[in-house]
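In what follows, a structure is listed as structure tokens, so that the remarks can point back to it.
The values are calculated or read from the model by the stated rules, or taken from the named source; none is laboratory data. Note that the structure is predicted; figures quoted are calculated from it, not measured. Note that we place each Cβ from the backbone using ideal geometry, even for glycine, and neighbour counts take in every protein chain shown.
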Amino acid sequence: AQSVTQLDSHVSVSEGTPVLLRCNYSSSYSPSLFWYVQHPNKGLQLLLKYTSAATLVKGINGFEAEFKKSETSFHLTKPSAHMSDAAEYFCVVRTKTSYDKVIFGPGTSLSVIP
Amino acid sequence: NAGVTQTPKFQVLKTGQSMTLQCAQDMNHEYMSWYRQDPGMGLRLIHYSVGAGITDQGEVPNGYNVSRSTTEDFPLRLLSAAPSQTSVYFCASSPRQGAYNEQFFGPGTRLTVL
């Protein structure tokens, strides 16, 4: 069975400091992993995805994530937070053998302090 | 190319009323799905479809019906609305081939059941 854990429900950082949003997954098969962002009262936008190519994945707006199979993790990072990064972030797992069902993590709310 | 569209954006229902949330996509995607988003719970899959004429239940299907008569449209029906169905509903689509494809989300429908 697949599952996704986002270890922090809320993260607060100062503008210009690094961002780390943690995600751990459980999957019986090699997964595809995604990070989505949702700004207040908006739909979901894809930040980046891992599909078994490079383990370090670069996304939009300066975000990147590293797939670590040994740790079953896919943490999202950004070197320097911007006020516009304040949003809800979702880690998502989708397996190769069962692409019909997609599992979302509960989300991490990121606040950026000026 | 409008992507994924949803109507209405907002809806208020009384307990026991029925209604249909509309979803359409113009990307010729075979896979479509409906999610509900509740605070602290991420997105939960209600129903999904892998092509016209084929639907299946997700994690929280009770109280909802779907049909897929065309590739483009995937309406969600609430048979007898209950306050527990107050939520934000998102429709999503993706190409059918493989698990590497990200989902494209509509803007959401905010539903309140009184």
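Scan segment B:65-73 and give yes if some residue there is closer than 19 Å to A:Gly43 by Cβ and either within 12 Å of chain A (Cβ to nearest Cβ) or modelled with pLDDT under 95 (or both), otherwise no.
Looking through segment B:65-73, none of the residues is closer than 19 Å to A:Gly43 by Cβ and either within 12 Å of chain A (Cβ to nearest Cβ) or modelled with pLDDT under 95 (or both).
Which condition breaks for B:Arg77 when tested against (1) farther than 25 Å from A:Gln6 by Cβ; (2) within 14 Å of another protein chain (Cβ to nearest Cβ); (3) within 13 Å of the chain's Cα centre (by Cα)?
(2)
Rundown of residues vs (1) aromatic (Phe, Trp, Tyr); (2) in contact with a strand residue (DSSP E or B) (Cβ under 7 Å, 6 or more places away or on another chain); (3) surrounded by fewer than 19 Cβ atoms within 10 Å (Cβ to Cβ); (4) within 10 Å of chain A (Cβ to nearest Cβ), yes/no style:
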{"site": "B:Ile46", "(1), (2), (3), (4)": "no, yes, no, no"}
{"site": "B:Pro61", "(1), (2), (3), (4)": "no, yes, yes, no"}
{"site": "B:Arg96", "(1), (2), (3), (4)": "no, yes, yes, yes"}
{"site": "B:Pro107", "(1), (2), (3), (4)": "no, yes, yes, yes"}
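Could you tell me which numbered condition A:Thr17 fails, if it satisfies all but one of (1) within 15 Å of A:Thr108 (Cβ to Cβ); (2) more than 11 Å from chain B (Cβ to nearest Cβ)?
It is condition (1) that A:Thr17 fails.
For segment B:1-17, enumerate the residues that are of a type in the set (A, V, I, L, M, F, W, C) and in a loop (DSSP other than H, G, I, E, B).
B:Ala2
Please find, among B:Gln57, B:Gln25, the residue that is more than 26 Å from A:Leu7 (Cβ to Cβ), at pLDDT 95 or above and of a type in the set (S, T, N, Q).
After applying the criteria, what remains is B:Gln25.
For the subset of segment A:22-56 comprising residues that are away from chain B (no Cβ under 12 Å) and free of Cβ contacts under 8 Å to residues at least 24 places away in the same chain, which member is surrounded by the most Cβ atoms within 10 Å (Cβ to Cβ)?
Within segment A:22-56, the match that is surrounded by the most Cβ atoms within 10 Å (Cβ to Cβ) is A:Thr55.
What single numbered condition from (1) in contact (Cβ under 8 Å) with a residue 12 or more places away in the chain; (2) not in a strand (DSSP E or B) fails to hold for B:Thr20?
(2)
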